[in-house]
């Protein structure tokens with residue numbers, strides 16, 4: 001007799017001591033159902049196989065719960081290699097070790113195969129000094145950045161109709177992080193909107209440019225620190 005699970009949940013009738021005779025078929029049925037449950041779960045269901053491996057199957061995987069979870073994880077990590085993956089894919093990570101002079105890093109040849117770019121910036125190390133001013137440019141453009149920025153603790157937003165850059169904020173010691181999002185960045189039609197959420201300000205803005213293929217982050221000021229920049233593509 002085949003197991004009922006996973007098509008049907010098996011039901012059993014309690015046996016009574018001194019009344020019922022337990023037959024081999026009774027324990028065989030329990031064994032068959034237990035094996036069916038283990039097969040449906042799969043081996044090592046509590047252990048992730050990523051990021052050592054992972055290729056997302058957009059059609060799904062239903063051979064076992066383990067296979068389904070592995071497929072979902074593949075779609076949510078940068079280890080996945082399938083173009084149909086979901087979630088964030090890390091495109092590049094760069095580090096700026098600042099001095100008292102201007103420092104910068106550029107993400108170039110950015111792939112246009114995503115729906116949105118997300119840039120995470122944060123201080124990962126601090127040595128000495130006061131603070132740094134962090135800015136950003138797109139495609140090397142140094143004019144025409146229009147934005148409204150609200151610096152926390154101030155009553156009036158800062159506005160610009162033609163700045164030379166996007167102001168990201170002022171890192172002081174380890175108390176700095178910023179996330180910049182650029183939707184529809186790969187479009188060749190119209191300009192690009194962006195939004196910023198940072199430690200000391202939030203902002204939204206616009207730049208009349210074509211598809212974004214490069215982003216430059218610049219840091220200048222009086223302190224010595226390590227600023228880590230991580231670029232993600234979002235499907």
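The values are calculated or read from the model by the stated rules, or taken from the named source; none is laboratory data. The structure displayed is predicted, hence computed values, not measured ones. Because the Cβ atoms are built from the backbone with ideal geometry, glycine has one as well, and the counts that use them run over all protein chains shown.
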Looking at the structure I just gave you, is residue 195 free of Cβ contacts under 8 Å to residues at least 60 places away in the same chain, under 25 Å from the mean Cα position of the chain (by Cα), assigned to a strand (DSSP E or B) and surrounded by fewer than 17 Cβ atoms within 10 Å (Cβ to Cβ)? yes
Over the range 109-134, the set of residues assigned to a strand (DSSP E or B) and either under 20 Å from the mean Cα position of the chain (by Cα) or modelled with pLDDT of 95 or more (or both) is 116, 117, 118, 119, 120, 121, 122, 123, 124
Residue 153 surrounded by fewer than 19 Cβ atoms within 10 Å (Cβ to Cβ) and either modelled with pLDDT of 95 or more or part of a loop (DSSP other than H, G, I, E, B) (or both)
yes
Determine, yes or no, whether residue 49 is at pLDDT 65 or above, under 27 Å from residue 4 (Cα atoms) and in contact with a helix residue (DSSP H, G or I) (Cβ under 9 Å, 6 or more places away or on another chain).
no
Taking the range 138-150 and keeping only residues that are farther than 24 Å from residue 227 by Cα and not in a strand (DSSP E or B), one is left with 143, 144
Just one listed residue, out of 203, 211, 178, is assigned to a loop (DSSP other than H, G, I, E, B) and under 22 Å from the mean Cα position of the chain (by Cα), and it is 211
Hey, does the range 132-139 have a residue that's touching a strand residue (DSSP E or B) at 6+ places or on another chain (Cβ under 9 Å), over 19 Å from residue 203 (Cα atoms) and touching a residue at least 12 places away in the same chain (Cβ under 8 Å)? yes
In the set 106, 159, the lone residue that is over 17 Å from the mean Cα position of the chain (by Cα), under 13 Å from residue 215 (Cβ atoms), assigned to a strand (DSSP E or B) and in contact (Cβ under 8 Å) with a residue 12 or more places away in the chain is 106
Given the conditions (1) surrounded by fewer than 17 Cβ atoms within 10 Å (Cβ to Cβ); (2) closer than 22 Å to residue 104 by Cα, every one holds for residue 132 apart from (1)
